[in-house]
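Since the structure comes first, as C-alpha cells, the remarks are kept for the end.
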Amino acid sequence: VVRSIALLGATGSIGKSTLDVVARHPDRYRVVALAAQSNWKAMRELCLRFRPRLAALAEPEAARALREALAADAVSTEVREGAGALADCAALAEADTVVAAIVGAAGLASTMAAARAGKRILLANKETLVLAGGLFMQACAASGATVLPVDSEHNAVFQCLPPGYERGLGAVGVRRIVLTASGGPFRERRPEELREVTPEQACNHPNWVMGPKISVDSATMMNKGLEVIEAHFLFNAGIGELEVVVHPQSVVHSLVEFADGSVLAQLGNPDMRTPIAHALAYPERVASGVGPLDLAAVGALTFVRPDFERFRCLGLAYEALRAGGSAPAALNAANEVAVQSFLERRIGFLDIATTCERAMERVGVRPVTSLEDAVAADAEARAAAAAILANLS
Ligand SMILES: NC(=O)c1ccc[n+]([C@@H]2O[C@H](COP(=O)([O-])OP(=O)(O)OC[C@H]3O[C@@H](n4cnc5c(N)ncnc54)[C@H](OP(=O)(O)O)[C@@H]3O)[C@@H](O)[C@H]2O)c1
C-alpha cells in the first residue's frame with residue numbers, strides 16, 4: 001500500500017525524523033499535507049522537496065510569507081493559515097495517515113480532528129491524551145480511527161502487548177506495564193545544585209535529541225509523568241498497573257510483565273526513527289536508518305527506582321491521574337506555562353514543580369465530557385500558573 005501522509009509539526013524534531021524515514025521509501029509514502037506554527041522558511045524547503053497538496057501555518061503572517069515564496073518558486077502547494085487550517089490538514093480527504101507531532105496543548109484540536117475523521121493516527125502529541133484522553137479514545141472508536149503510538153515508550157509497550165488488551169490488561173494476562181525513564185541530564189545532581197541549572201543544561205539530554213519543551217520535561221521527569229497518563233488512556237491501564245523505572249542507557253524502551261512472570265521488552269538504539277518507522281509501516285517493518293544495536297558496546301543495562309522527592313513532577317502526574325477529570329489537563333497547562341518561563345530564564349528549574357503544584361491546588365477538578373471542558377481546564381490552569389509565576393519572579 002502507498003500511504004498518504006499529513007504531517008502536523010513538520011518542522012519539529014519528530015517532523016524531521018518522520019520525513020527522514022518517509023524519504024527512504026518513496027514507493028510507500030507520499031506527503032500530502034504539512035503543518036507547523038510559524039517557521040515558513042523551513043516549510044518552504046519541505047514544500048520544495050515533498051510537494052504536498054496542502055501546507056498550513058498557524059500564524060497568518062508566516063502563512064502569507066510562505067504563500068509568496070512558493071508562488072515565486074512555482075510550487076503549486078495550497079497554503080492555508082490559522083488554527084482551522086491545522087485541522088483541515090488532519091481531516092484532508094487525500095490523507096489516510098496523520099502524524100500528530102505538534103508540541104503541547106496546541107496539538108489537541110488537530111489531533112481530535114484526525115480522530116473524528118477516522119484516520120490512521122501516528123501519535124506523538126502526548127498532550128492530546130493528557131488533556132482529553134477519554135474523549136480522544138472514544139472518538140477513535142466511534143470513527144474507526146487507528147492509534148499507533150510514536151512516543152518511544154508507548155511504541156515499545158504496543159509492540160509487547162498481546163492482542164485484545166483494549167478489554168483490560170488483566171483479561172489478556174498482563175500484570176503491569178513498566179515505562180523506562182532515562183532520568184534526564186540531572187539524574188545525579190544533588191538537590192541544591194538543581195536550583196542553579198540553566199535551560200541549556202536542561203536541554204542537553206544525554207541520549208535523545210528532542211525539542212526544547214520535551215527536553216525540559218525530561219529533566220524534571222514531568223515527561224515520564226505525562227507518559228504514565230498517556231499509557232493509562234492508550235492501553236486502558238489502571239494506575240496500579242503502571243510503573244516507572246529509571247534506566248539511564250535508554251536502550252530498553254519499556255516492558256510488559258505477564259501473570260506468569262514473563263517480561264517482554266523492546267530494545268533499540270535511542271533514535272525516534274525506530275518507533276516512527278514501526279508506526280508508519282505497521283504491521284510490516286521497514287528500514288528506518290537506525291543502525292544495529294551493539295549490546296557489547298553498551299556493556300551494562302542498569303535500572304533504579306525513580307526518586308519522587310527530587311523529581312516532584314512525576315508524583316504530581318500520578319496525583320493528577322488519580323484525581324481524574326480535568327486534573328491532568330490542568331497539570332499539563334501549568335507545566336507548559338512554567339517550562340516556557342524557565343526557557344525564557346524568568347524562573348529557576350525547581351520553580352517548575354512548585355508552579356505546577358500550586359496551580360493544581362488552586363484549580364478545581366471537574367469532569368471532562370467535551371473538548372470545551374478540556375480547553376476550559378487548560379485555560380484556567382494557565383491563568384493560575386501565570387499568577388503564581390508573577391509572584392515567584
Ligand atoms: N522529540 C522527541 O524525540 C519526542 C519523543 C516523544 C514524543 N514527542 C512528542 O512529540 C511532540 C513534538 O515534539 P518535538 O520534540 O518534535 O517538538 P519541537 O521540535 O519543538 O517541534 C514542535 C512542532 O510543533 C509546531 N508547533 C508548535 N506550536 C504550534 C502551534 N501553536 N500550531 C501549530 N504548530 C505548532 C512547530 O512549528 P514551528 O517550527 O513553526 O514552530 C514544530 O513543527 C510533542 O508532543 C512531544 O511530547 C517528541
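Kindly state, to the nearest 0.05, the FRET efficiency for Thr146 paired with Glu188, given R0 = 30 Å and r defined as their beta-carbon distance.
Working: r = 40 Å, r/R0 = 1.35.
The pair Thr146/Glu188 has a calculated efficiency of 0.15.
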- Note on the structure: Looking only at aspartates and glutamates whose Cα falls under 12 Å of Lys41's and that sit 8 or more positions away or on another chain, we get Glu68
- May I ask you to list the lysines whose Cα is less than 21 Å away from that of Lys224, ignoring any residue fewer than eight positions away on the same chain? Lys126, Lys213
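Full extension from Glu68 to Val2: what is 0.36 nm times the residue separation minus their Cα-Cα distance, to one decimal in nm? Walk me through the numbers on the way to the answer.
Numbers: separation 66, 0.36 × 66 = 23.76 nm, distance 3.10 nm.
Here the segment from Glu68 to Val2 would lengthen by 20.7 nm.
Counting other Cβ atoms within 10 Å, which GluC sites (Glu not before Pro) in the stretch 219-328 have at most 12 and lie in a DSSP loop?
Details: sites: Glu227, Glu230, Glu241, Glu243, Glu257, Glu284, Glu309, Glu319; in loops: Glu284, Glu309.
Loop-located and lightly packed - Glu284, Glu309.
Between Ala390 and Val209, take the C-beta separation as r, use R0 = 35 Å, and let me know the FRET efficiency to the nearest 0.05. Walk me through the intermediate numbers first.
Details: r = 33 Å, r/R0 = 0.95.
Calculated value: 0.55.
With a 1.4 Å probe and all protein chains left in place, how much of the accessible area of the chain comes from carbon and sulfur atoms, in whole percent? Walk me through the numbers before you get to the answer.
Values: 8260 of 16110 Å².
For the chain, the apolar C and S fraction of the accessible surface comes to 51 percent.
Counting Lys and Arg as +1 and Asp and Glu as -1, what is the net charge of the other residues whose Cβ lies under 15 Å from the Cβ of Arg362? Don't skip to the end; give the middle numbers.
Numbers: positive: Arg358, Arg366, Arg382; negative: Glu319, Glu357, Glu361, Asp378, Glu380.
Result for the neighbourhood of Arg362: -2.
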- Item | Unit charges at the beta carbon, dipole of the stretch 183-265: most positive-side option, Phe258, Val244, His205 | His205
- State the extension gain, in nm to one decimal, for the chain segment bounded by Arg116 and Gln138, taking 0.36 nm per residue of separation less the distance between their alpha-carbons. 7.0 nm
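Quick one: accessible area per residue over the chain, 1.4 Å probe, rounded to a whole number of Å²? Show your work: numbers first, answer last.
Numbers: 16110 Å² over 393 residues.
Counting only protein heavy atoms, the per-residue value for the chain is 41 Å².
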- Please give the net charge around Pro26, taking every other residue with its beta carbon less than 14 angstrom from that of Pro26, where Lys and Arg add +1 and Asp and Glu add -1. +4
- Message: What does DSSP give for the chain in terms of the percent of beta bridges that are antiparallel, rounded to the nearest 5?
- Response: 25
- Message: Suppose the chain between Gln201 and Phe303 were pulled fully straight at 0.36 nm per residue; how much longer would it get relative to their current alpha carbon spacing?
- Response: 34.4 nm
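Would you mind classifying the stretch 1-88 by shape? Square roots of the alpha carbon gyration tensor eigenvalues, ordered a ≥ b ≥ c; an a/c under 1.5 is rounded, otherwise it is prolate if a/b is larger than b/c and oblate if not. List each step's numbers first, then the result.
Values: a/c = 1.77, a/b = 1.51, b/c = 1.17.
Verdict is prolate for the stretch 1-88.
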- Message: Given the options Ala329, Ser370, Ile388, identify the residue whose Cα lies farthest towards the positive end of the charge dipole of the stretch 282-393 (+1 on Cβ of Lys, Arg; -1 on Cβ of Asp, Glu).
- Response: Ile388
- Query: Using r as the Cβ-Cβ distance of Arg345 and Asp260, and R0 as 51 Å, what FRET efficiency do you calculate, to the nearest 0.05?
  - Reply: 0.50
- Message: What whole-number distance in Å separates the alpha-carbon centres of the stretch 333-393 and the stretch 15-40?
- Response: 33
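Under unit Cβ charges (Lys, Arg +1; Asp, Glu -1), what dipole magnitude, rounded to 20 debye, does the chain have relative to its Cα centre?
Rounded to the nearest 20 debye, it is 520 debye.
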- Query: If we count every other residue with Cβ under 14 angstrom of Ala237's Cβ, Lys/Arg +1 and Asp/Glu -1, where does the sum land?
  - Reply: -3
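How do 45-52, 179-186 rank on mean C-beta neighbours within 10 Å, highest first? Don't skip to the end; give the middle numbers.
Working: 45-52: 18.5, 179-186: 23.0.
My ranking of the peptides, most packed first, is 179-186, 45-52.
Which of the GluC sites (Glu not before Pro) across the stretch 113-199 are loop residues per DSSP, with 14 or fewer other Cβ within 10 Å? Don't jump to the answer; show the numbers that get you there.
Details: sites: Glu127, Glu153, Glu166, Glu188, Glu192, Glu193, Glu196; in loops: Glu188, Glu196.
Passing sites in the stretch 113-199 are Glu188, Glu196.
The values are calculated or read from the model by the stated rules, or taken from the named source; none is laboratory data. Since the model is a prediction, treat every value here as computed from it, not as a measurement. In this analysis, Cβ positions are derived from the backbone assuming ideal geometry, glycine residues included, and neighbour counts consider all displayed protein chains. Just so you know, the surface numbers come from the protein's heavy atoms only, side chains and all, with ligands and any DNA or RNA stripped out. Shrake-Rupley method; radii C 1.70, N 1.55, O 1.52, S 1.80 Å.
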